[in-house]
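> What follows is a single structure, and I will ask about it in a moment.
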Amino acid sequence: MTSPSSQAVFVLGGARSGKSRFAESLVSDTGLDRHYVATGQAWDDEMRNRIAQHRADRGDILWTTHEEPLDLTARLAAIDGEGRAVLVDCLTLWVTNLMMAERNIAAEFSALTEFLPGAKSRLVLVSNEVGLGIVPENRMAREFRDHAGRLHQMIAAASAEVYFVAAGLPLKMKG
Amino acid sequence: MTSPSSQAVFVLGGARSGKSRFAESLVSDTGLDRHYVATGQAWDDEMRNRIAQHRADRGDILWTTHEEPLDLTARLAAIDGEGRAVLVDCLTLWVTNLMMAERNIAAEFSALTEFLPGAKSRLVLVSNEVGLGIVPENRMAREFRDHAGRLHQMIAAASAEVYFVAAGLPLKMKG
Amino acid sequence: MTSPSSQAVFVLGGARSGKSRFAESLVSDTGLDRHYVATGQAWDDEMRNRIAQHRADRGDILWTTHEEPLDLTARLAAIDGEGRAVLVDCLTLWVTNLMMAERNIAAEFSALTEFLPGAKSRLVLVSNEVGLGIVPENRMAREFRDHAGRLHQMIAAASAEVYFVAAGLPLKMKG
């Protein structure tokens, strides 16, 4: 008997790598009820344009959309259920939001990681790989990069499948 | 019968990853007449040194070299022909040049992408992956990163083979 | 008969990618006497904390630790021997140290590369991939990135196995 932890899929990729589109195709292919959890808040016009573009790309008619910048695990628990597929896009924005709100990062990361194995929904989590450039000059950016890297290791370990996406092409790292 | 689109090869990699050397070996291995299309202009001494180093690495006696910072698709069409192998190095510099010249980026990207399937030459296109670090602080750099990422997805989709190169080692992503 | 060069393993990854942990597991799995060569100097509190965390993660009771910021090849030669496994973490910090000390980078890189094939120890070398972000604005960072990329190509060519680590997951590039 397969553990429920085999449900979660983690999709990691760079900026404009096609990771969101790939993750959306994974959700669509399930044939389940689709839920989209956006962690991004529309701070400024540039961000608003990106979110609008993401919505247009996705065709929002077929999705139920949730905006959840901070309480991601609670939100996933609230919408969790058999017959549902949930896309979370993206974890790095969530990390940024947690840092700005001065939340307990370690506790938040543990809660999300521990939620994954028992989830009834088919979960697909998207995140940005940000650790492959030069060390950032400011300390906040370094801390963000460290947090993101640690979260990615935790989520990858708790997921059944992990993909690295570059140039729109998925590379299976696990599963 | 294989479509002509199976000719194009896309080589993506980081700075000093060995992507150019690998791409050059792909071209040399064809045994065809070799053409090198350089998108880089020798703006300053640092860039000039890099180009000179690239030329020395390549052994220019065996190659016909073309400098084409902007009108890449027209140039590729002009030198296109059976029995030829053409190396383009690199697409990210072309994106930078298009932005500086305020060209219509979307139109330029579409034209190049649409050229690939019908090309008679064996095309090998090289580009820098630039989307795996921290989000850049200035808007121009973010726009450049977005353009590059979108172009990479388009070129990868239109290519028969795609490689990701790190530490001189090619990883086949497609083909 | 296998050449002794088949001993070296190169582990490349981003910041907080889990590369050190993976490299440490490779060393531990050998069952040999374990040596850890740290190239990092404890310049400031942030760096001190990282090193302390690395030590705690590793369980230093089972390891012999060496701090060697500059003369890495000489140190590896001094501790080289049958029945030993040596972890070097990491090469990018070594490159930074060489630049700050104005050493002859090319000579240092060649010496390390030439040492690998004849080493009696099982060597595992860790390094940061730093070339997959936007081109850094300052020249020193660009030079560092170029040096690191060149070293990675040399070490990968001289190693029997090469892994790229992301989100704690190793991807075999060679071997």
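> Quick check: anything in region C:73-82 within 14 Å of chain B (Cβ to nearest Cβ) and not polar (S, T, N, Q)?
Taking every residue of region C:73-82 in turn, none turns out to be within 14 Å of chain B (Cβ to nearest Cβ) and not polar (S, T, N, Q).
> Still on this model: For region B:129-140, state whether one or more residues are small (Gly, Ala, Ser) and over 10 Å from A:ALA15 (Cα atoms).
Scanning region B:129-140 turns up no residue that is small (Gly, Ala, Ser) and over 10 Å from A:ALA15 (Cα atoms).
> Pairs under 7 Å by beta carbon, first residue of a type in the set (Asp, Glu) in region C:14-32, partner part of a helix (DSSP H, G or I), six or more apart or different chains?
Within 7 Å, the pairs are C:GLU24/C:ARG58.
> Does region B:7-22 hold any residues that are over 21 Å from C:MET154 (Cβ atoms) and in a strand (DSSP E or B), and which are they?
B:VAL9, B:PHE10, B:LEU12
> State all residues of region C:121-150 that are more than 9 Å from every other protein chain (Cβ to nearest Cβ) and either closer than 15 Å to C:VAL88 by Cα or among the small types (Gly, Ala, Ser) (or both); if no residue qualifies, say none.
C:SER121, C:ARG122, C:LEU123, C:VAL124, C:LEU125, C:VAL126
> How about region A:136-158: which of its residues are small (Gly, Ala, Ser) and within 15 Å of A:PHE109 (Cα to Cα)?
A:ALA148, A:GLY149, A:ALA156, A:ALA157, A:ALA158
> I'm trying to understand the selection: among the residues of region A:134-175, which are in contact with a strand residue (DSSP E or B) (Cβ under 6 Å, 6 or more places away or on another chain) and of a type in the set (Asp, Glu)?
A:GLU161
> On the basis of being away from chain B (no Cβ under 11 Å), without any contact (Cβ under 8 Å) to a residue 24 or more places away in the chain and among the charged types (D, E, K, R), does A:GLU102 make the cut?
So A:GLU102 passes the test.
> Can you tell me which condition A:ALA111 does not meet? The list is (1) away from chain B (no Cβ under 14 Å); (2) farther than 27 Å from C:GLN53 by Cα, and all the others hold.
Every listed condition holds for A:ALA111 apart from (2).
> Check whether at least one residue in region B:115-126 is within 17 Å of C:GLY131 (Cβ to Cβ) and over 16 Å from the mean Cα position of the chain (by Cα), and report yes or no.
No: zero hits.
> Suppose we filter region A:156-172 for residues that are at the interface with chain C (Cβ under 7 Å from one of its Cβ atoms) and farther than 16 Å from B:TYR163 by Cα; how many remain?
Going through region A:156-172 one residue at a time, the tally reaches 3.
> Let me ask something else about it. Mind checking which pairs have a first residue in region A:74-87 that is in contact (Cβ under 8 Å) with a residue 40 or more places away in the chain and a second that is basic (Lys, Arg) and not in a strand (DSSP E or B), Cβ under 6 Å, 6 or more apart or different chains?
Taking only residues 6 or more apart or on different chains, the pairs are A:ASP80/A:LYS120; A:GLY81/A:LYS120.
> Please indicate, with yes or no, whether at least one residue in region A:140-150 is within 17 Å of the chain's Cα centre (by Cα) and within 25 Å of A:THR64 (Cβ to Cβ).
no
> Tell me which residues, restricted to region A:160-172, are without any contact (Cβ under 8 Å) to a residue 60 or more places away in the chain and either surrounded by 16 or more Cβ atoms within 10 Å (Cβ to Cβ) or outside any strand (DSSP E or B) (or both).
Scanning region A:160-172 gives a single hit, A:LEU171.
Taken together, the values in this text are just the output of simple stated rules run on the coordinates, not laboratory data. Values in this document were obtained by computation on a predicted structure and should not be read as measured data. Every residue, glycine as well, gets a Cβ built from its backbone with ideal geometry; the counts of neighbours run over all protein chains shown.
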